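The values are calculated or read from the model by the stated rules, or taken from the named source; none is laboratory data. Quick caveat: nothing in here was measured; it's all calculated off a predicted structure. Because the Cβ atoms are built from the backbone with ideal geometry, glycine has one as well, and the counts that use them run over all protein chains shown. Just so you know, the surface numbers come from the protein's heavy atoms only, side chains and all, with ligands and any DNA or RNA stripped out. Shrake-Rupley method; radii C 1.70, N 1.55, O 1.52, S 1.80 Å.
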Amino acid sequence: KTDTFRECLESWKSDGFVKEWSGTFATADGLKINFEVGDDKKERWVGVPRMNSICGNLLHHKNIKVKTQTRAEASQNETGKGWHVRHGKTKEDLGTFDWLVASDRNSGAHHRSDLSSANVKEFTTGIRGIQSVKSLTAMVVFEKPLSLKMNGIQFTGKDAQYGSLGWVARDTSKPGRERKDGQECWVLQSHPDAAKQLLKGKYKVNEIREMAQEVLVSDFLKSIPHLNNGEDFEVPSIVSSVGHRWGAAFPIPPQEFLDKECELLASKQFVACGDYFGTLSGRIEGAYLSGRTAADEILQLNGLNN
């Protein structure tokens, strides 16, 4: 959407950790399957060999130290300048820092202690009003490839024959996801309207995951004859399947977040950024632009903007 991100994408592409996902894509609208052709074909890019390769490569720098699988808690130093960070469970000291950058809006949620001692209510109060488009996902692995022509199919959410489906994709068709064992992975995602109905009254994580797996896999299996022009074919055995809920995906920010690329609290040396800021919210591009703006703000305040 923007020249800034196009330039970034070209850099990632040349470094080899993103590649274009080319293939056959379509939209299922009732009994009609509309294939993307010509100028209607969309660009699709994926991390190689997996999506987190993007983060991993961005963090691969001699001046960056990363501690993974750790939820941290932050508090201001006694001077009010800079931050002390500790492990959320073990309380291990993780160091002191000049600036605190929050990219996960859930870090300020009521049920999280990440920022409970940070005194950044200007940020935490606002983000608690951000809702998310409800989404359920599942991955299913078949013993052999399915005889479907499409690598990705979008659904309107209005057709009973496709049930709860909003999007399905042949994951093994993506660059770097090819398998040598002959098996085939598909990623299934619910339509927002269906997810909203399915999640009513359900709060237990394991119950939701089990429901996502059962409903999405079942609906996908039922949809296959319709996606195959009404022709039946033998569906390979399922090797494994798992369900998941995307709790914070696809944010619905209020106007105040759409009007800014990040939130800077200069006096506290705190900045928040992420895909819930700006007009491209919910996209990797939006998250990138927000993070870049936050970095520029810090550099400018420290006289390093050149």
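Tabulated values for the structure
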item: Added length on full extension, which subtracts the Cα-Cα distance from 0.36 nm per residue, residue 3 to residue 226; result: 76.3 nm
item: Whole-Å distance, taken between Cα centres, linking region 202-225 and region 149-185; result: 15
item: Matching label, Kirkwood radius over Cα pairs in Å computed from the structure shown, candidates (1) 20.0; (2) 21.8; (3) 23.4; result: (2)
item: Carbon and sulfur %, accessible surface of region 228-274 computed with the full protein complex present, 1.4 Å; result: 50
item: Rounded to 10°, Cα long-axis angle of helix 205-227 versus longest principal axis of the chain; result: 40
item: Residues of region 189-306: accessible area per residue with a 1.4 Å probe, Å²; result: 57
item: Test item: Cα-centred dipole of the chain, Lys/Arg +1 and Asp/Glu -1 on Cβ, debye; result: 700
item: Only Lys, Arg (+1) and Asp, Glu (-1) charged, at Cβ; region 1-104 dipole about Cα centre in debye; result: 420
item: Contact order normalised by residue count of the chain, Cα under 8 Å, 6+ apart, percent; result: 18
item: Accessible surface of region 103-197 [probe 1.4 Å, protein heavy atoms]: carbon and sulfur percent; result: 47
item: Fully extended contour minus Cα-Cα distance, from residue 87 to residue 205, at 0.36 nm per residue; result: 40.1 nm
item: Whole-number D in µm² s⁻¹ for region 86-170, Kirkwood Cα-pair radius fed into Stokes-Einstein, 25 °C, 0.890 mPa s; result: 139
item: For region 55-131, with +1 on Lys and Arg beta carbons and -1 on Asp and Glu, the positive-most of 97, 109, 68 along the dipole; result: 68
item: Net charge over other residues, Cβ less than 14 angstrom from the Cβ of residue 300 (K, R count +1; D, E count -1); result: -2
item: Exposure of residue 240 as accessible area (Å², to 10), given a probe of 1.4 Å and all protein chains; result: 60
item: Neighbour cut-off at most 10 other Cβ (10 Å), DSSP loop, GluC sites (Glu not before Pro), region 38-127; result: 43, 78
item: Greater than 32 Å apart at Cα, pairs in 32/196; 134/222; 89/174; 32/204; 89/260; 174/196; result: 89/174; 32/204; 89/260
item: Reachable aspartates and glutamates from residue 121, criterion Cα separation under 17 angstrom, eight or more residues apart if same chain; result: 73, 104, 256, 263
